[in-house]
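First up is the structure itself, then whatever we jot down about it.
The values are calculated or read from the model by the stated rules, or taken from the named source; none is laboratory data. Predicted model only: the values in this text are computed from it and were never measured. Note that each Cβ is placed from the backbone with ideal geometry, even for glycine, and that neighbours are counted across all protein chains shown. To get the accessible areas, we keep the full protein, side chains included, count just its heavy atoms, and leave off ligands, DNA and RNA. Shrake-Rupley method; radii C 1.70, N 1.55, O 1.52, S 1.80 Å.
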Amino acid sequence: MRFRLPQRFNLVSTILWGLRIVVAVLVLAGSWATLSSGKLTPDAWRELIVFGIAQGSVYGLIALGYTLVYGVLFMINFAHGDVFMTGAMTAFFVARNFGESGFINANPIVALLIIFAVSMLTSMLVAIVLERIAYRPLRRAPRLVPLITAIGASLFISNSIRGIYGEQSQSYPSVTALQGRLDLFGIPILKTQALVIASAIVLMIALVYFVERTRTGRAMRAVSEDKDVAALMGINVDRIIVTTFAVGGLLAGAAGVLYALVFNEVDWFMGFLPGIKAFTAAVLGGIGNIAGAMVGGLTLGVLESVGPFLLLGGANVPSPNQLRDVIAFTVLVLVLIFRPNGILGRSEPGR
Amino acid sequence: MSSQPAVHGQSGPPAAQTPAERVLELNGVHTYYGNIHALKGVTMDVAPGEIVTLIGSNGAGKSTTLRTISGIERAREGTVRLNGRDITKMPAHEVVALGVGHAPEGRRVFSRMSVAENLDLGAFRRSGPDVATDLARVYDLFPRLKERRTQKAGTLSGGEQQMLAIGRALMTQPSVLLLDEPSMGLSPILTEQIFKIISEINDQGTTVLLVEQNALMALNVAQRGYVLQTGKIILSDTAANLAANEQVRQAYLGEI
Ligand SMILES: Nc1ncnc2c1ncn2[C@@H]1O[C@H](COP(=O)(O)OP(=O)(O)OP(=O)(O)O)[C@@H](O)[C@H]1O
Ligand SMILES: [Mg+2]
């Protein structure tokens, strides 16, 4: 028998395989070096992981907005990071007020619920207005046009907030009830992080219920598959699209408060990096895919937090944490090389 | 040309003629896609209880006619009336509620949803006990759909998807059912079966406007027909007359 090359053998796949092996070796070697050096205690690792999950939950909530809008319009709403920012910034004033009056510590649950509500409603409103005046008139325009509008809208929103609320970074008042740690199955977790993770889980469940079980959710899925036919079923497609923006805005607003609780500071520019990271998370999980947004967010959050230490901790890199974005985005590129549709696969535009 | 039947615009075929008696009435409808003039003054009507077929070759404007009726495309000129009411400028999602059920070309089922969800979407604007009655009727017409009701529509066979597209349109409780090439891509046996079901649906009292490439089969089940060519109705007559017509036989029945 003659030796034959595998049928699909070609240069590109060989290079990709080579790359996979190199990456695997580097990751293993780096991790092994770090773990064997014992620089970080198990507690420190746990801390990094939990922080990663908390930050990933925030990314995931923002990523849902990208993915939902992509699902119905096949467009990336690049102003979504700013939608997130407006909520956190507006709610800041309420939070500061509650902090000064002492209400936030007198009745933290009610105070936080009000802060959440203000942030969520603000972001929702901004998202609705954005869809109505920036995107809807361009519904039939070539695909690049709304993209440019999105960038314009992003600059418009962030600079409006900069002008109205000022350029200074502001910090949310600290909530006494949220200080310290909580014992979760023997693991001490920062209360803020526990709140972030728990809220993200609740919102995720609510969203899945909404999309899968309600009439409007079903209409949303129909619009996502085929707008013309959705209209033939009696679905008001424009209304469903604006509802989608509204839902994305609500989630972004909630993420805004959670972000403020974890990172403490808010300013007019805070939407930029989280926005890009959440977009990345959405693509990583598979854009258009709701579970994918959350998986992508968590993956990115944990990678960012654990990755630098795990891969570079053993080497003598002076401050691995500064390399977190480098590592996170390298991983993103690698994931997309091997899984172009993201971890869970994306939804494709219909015909 | 002596055997040519009534040309459109002259004395019409034997159909009900007072406005109130027409389910559907198109008058001089012009529809454009950008600069492409797809319909150039289409005038036609459908009376209650009829099966009317619209035949014509590729690109004649058959689908555009149906899309204009259901409001997916907007007529630039002319009027579309449903049960006497002007629906020319009405958006598609409102036209459905007034009684136009449209099973579009290429089936276009919601492939990521189950069969049952697809059918439920047909009844999106409706509620109440008659939704269940209609669902039972659809499952009765298409027992196969009942067996597969939890299955994702995308995994159905072509024939099953067509049944689902028709069933979904029936769930809108239409006063006129628009069917766009229901036999497309189906085996002869399945085609036969679909046409039988179309007759059955009609026997149960649903008015049908049927677009077909398979002109022979269509003229077989229909009472009347229109022939569309490059956006214009060139012939309109009883189905029997059209089937016997020289021109039709040559152009659409594959005879030379
Ligand atoms: N979305 C569109 N954009 C531009 N032109 C279109 C579009 N849809 C249809 N047309 C054009 O309009 C004309 C009529 O098309 P239509 O789909 O109504 O034909 P049809 O009779 O249904 O053909 P077929 O038998 O192939 O389905 C054709 O010339 C077609 O190229
Ligand atoms: Mg067609």
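Accessible surface computed residue by residue for the stretch A:147-195, with neighbouring protein chains in place and a 1.4 Å probe, gives 60 Å² per residue. Chain A and chain B together bury an accessible surface of about 2100 square angstrom, both sides counted, with a 1.4 Å probe and no ligands or nucleic acids included.
Shown here are the Rg and Dmax of the Cα trace of chain B, at 17.6, 57 Å. Remark: the Cα gyration tensor places chain A in the oblate category, a/c being 1.5 or greater and a/b not exceeding b/c.
By accessible area, using a 1.4 Å probe on protein heavy atoms only, chain A has 67% of its surface on carbon and sulfur. Say R0 is 51 Å: what FRET efficiency, to the nearest 0.05, do A:A206 and B:K40 get from their beta-carbon distance? Approximately 0.45, to the nearest 0.05.
Of the residues B:L82, B:L135, B:G106, the one whose Cα sits farthest towards the positive end of the charge dipole of the stretch B:20-252 is B:G106 (charges of +1 on Lys and Arg Cβ, -1 on Asp and Glu Cβ, taken about the Cα centre). Element breakdown for the stretch B:20-252 at a 1.4 angstrom probe: carbon and sulfur atoms account for 47% of the accessible area.
Antiparallel beta bridges, as assigned by DSSP with both residues in the protein assembly as shown, represent about 60 percent of the total such bridges. For the protein assembly as shown, a simple Cβ point-charge model (Lys and Arg +1, Asp and Glu -1, everything else neutral) yields a dipole of about 940 debye relative to the Cα centre. Normalised by residue number, the volume inside the convex hull of the Cα atoms of the protein assembly as shown is 228 Å³ per residue.
Taking Cα atoms only, the orientation of helix B:188-203 departs from the longest principal axis of chain B by about 90 degrees. By the Kirkwood approach, averaging reciprocal distances over each pair of separate Cα atoms, the stretch A:107-185 gets a hydrodynamic radius of 16.0 Å. Per residue of B:84-94, other chain Cβ atoms within 10 Å of the residue Cβ number 3 on average.
Shape call for the stretch A:152-280 from the C-alpha gyration tensor, a ≥ b ≥ c root eigenvalues: rounded (a/c under 1.5), prolate (a/b greater than b/c) or oblate? The shape class here is oblate. Using only side-chain charges placed at the Cβ, +1 for Lys and Arg and -1 for Asp and Glu, the dipole size of chain B relative to its Cα centre rounds to 660 debye.
In this structure, the pairs whose alpha-carbon distance is over 32 Å, taken from B:K40/B:K146; B:K152/B:K196; A:K191/B:K152, are B:K40/B:K146; A:K191/B:K152.
Within 10 Å of the Cβ of each residue in A:231-243, the mean number of Cβ atoms contributed by other protein chains is 6. Annotation: amide H-H contacts under 5 Å for B:H102 (H modelled 1.01 Å from N, sequence separation of 5 or more, or interchain): B:L178. When peptides A:109-120, A:25-36, A:168-179 are ranked by their average number of other Cβ atoms within 10 Å per residue, the highest-first order is A:109-120, A:168-179, A:25-36. Mean residue ellipticity, 222 nm, helices only, the protein assembly as shown: the sum of -39500 (n - 2.57) across DSSP H runs of n ≥ 4, divided by residue count and rounded to 500, is -18000 deg cm²/dmol. Annotation: amide H of B:L82 within the under-5 Å range of B:I87, sequence separation 5 or more or interchain, hydrogens built in the peptide plane.
Ordering A:I157, A:I21, A:T86 by Cα displacement along the dipole of chain A toward the positive end leaves A:I21 in first place; charges were set at the Cβ atoms of Lys, Arg (+1) and Asp, Glu (-1).
Hydrophobic, long helices, defined as DSSP H runs whose alpha-carbon span along the helix axis is 27 Å or greater and whose mean Kyte-Doolittle value is at least 0.5, occur in chain A at A:11-37, A:42-73, A:108-129, A:144-165, A:191-213, A:237-263, A:290-312. Net length available on complete extension from A:D183 to A:R239 is 15.7 nm, with 0.36 nm assigned per residue and the Cα-Cα distance removed.
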